[in-house]
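First up is the structure itself, then whatever we jot down about it.
The values are calculated or read from the model by the stated rules, or taken from the named source; none is laboratory data. What you see is a predicted model, and the numbers here were worked out from it, not measured in a lab. We work out accessible area using only protein heavy atoms, side chains counted, and drop any ligands, DNA or RNA first. Shrake-Rupley method; radii C 1.70, N 1.55, O 1.52, S 1.80 Å.
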Amino acid sequence: MDELFDQLDFVENPLYETIINDLLEQQYSVVDAFFSSEEVERLRNSLLEKYEEDRFKKAAIGNKFEEQIERSIRGDFVLWMDEQSTNPAEQLFFSKINHLVHYLNKTCFLGILHKEFHYALYPKGTFYKRHLDTFQNDDRRKLSFVCYLNDTNWKNENGGELTIYQQKNGVEEVKSLYPLPGRVVIFESQVLEHEVKPVLASERLSITGWLKTR
Ligand code: OGA
Ligand code: MN
């Protein structure tokens, strides 16, 4: 009975449909203004507040539990987020994520059961070398989700582009995406190789996470 009601309730969401089509066609999707400028500002302030409280750690390669610090590979600082947090900006963040996950599970049978998200701060001069998100000994990662929390006067000259690499008919295609505030990039964790180019000025702020199966 619940299922029947669920189906009657179903309303097609054009934004999510675009994301799904992009993922099917090109393995990634870029959505500008997934978060409003007000939401970005609140999340950015919450990131900065925790950073100033010294709660971030040097990012590791490996997952939450098997960390290994390797500065020649990545130089960002991260703080894992807690969905149970009472911080209103984070609650709103997770409610938007859950809404999307619910839709994906319903329309694409993706079977997303778990998720993990962290704040990330890349100081000037840092980067994250080309990689696949599943080399972090976690093959349950299905979709990677990055949202940028830089401020509105972020300049392209600041660097820190997300560069993605794809094979098209045996030829490598390279695309660079600027970390613009409110922009979200979603991609297939197991297939899309990507890199964060060196940050040349300022600090690069983001939330990164993974939607996982099983
Ligand atoms: C990562 C990552 C991309 C970005 O944290 O695994 O690739 O644009 N982040 O921050
Ligand atoms: Mn990555």
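Ranking 107, 18, 86 by solvent-accessible area of protein heavy atoms (1.4 Å probe, all protein chains present), from largest to smallest, gives 86, 18, 107. Relative intensity of the chain on a log10 scale, I(q)/I(0) at q = 0.14 Å⁻¹, equals -0.87, per a Debye sum over C-alpha point scatterers of equal strength in the absence of solvent.
Using a probe of 1.4 Å on the protein chains alone, the accessible area found for residue 157 is around 130 Å².
Inverting the pair-averaged 1/r between distinct Cα atoms of the stretch 91-214 gives 15.4 Å as its Kirkwood hydrodynamic radius. Between 0 and 90 degrees, the angle of helix 14-26 with respect to the longest Cα principal axis of the chain falls at about 70 degrees.
Solvent-accessible area of residue 41, all protein chains in place: 90 Å² (probe radius 1.4 Å, heavy atoms, ligands and nucleic acids excluded). For the chain, the share of accessible area belonging to carbon and sulfur comes to 49 percent (1.4 Å probe, ligands and nucleic acids excluded). Among 24, 132, the sequence by solvent-accessible area, most first, with a 1.4 Å probe is 24, 132. Cross-linked pairs 50/197; 50/212; 50/106; 50/175; 57/124; 115/155: Cα-Cα separations exceed 28 Å for 50/106; 50/175; 115/155.
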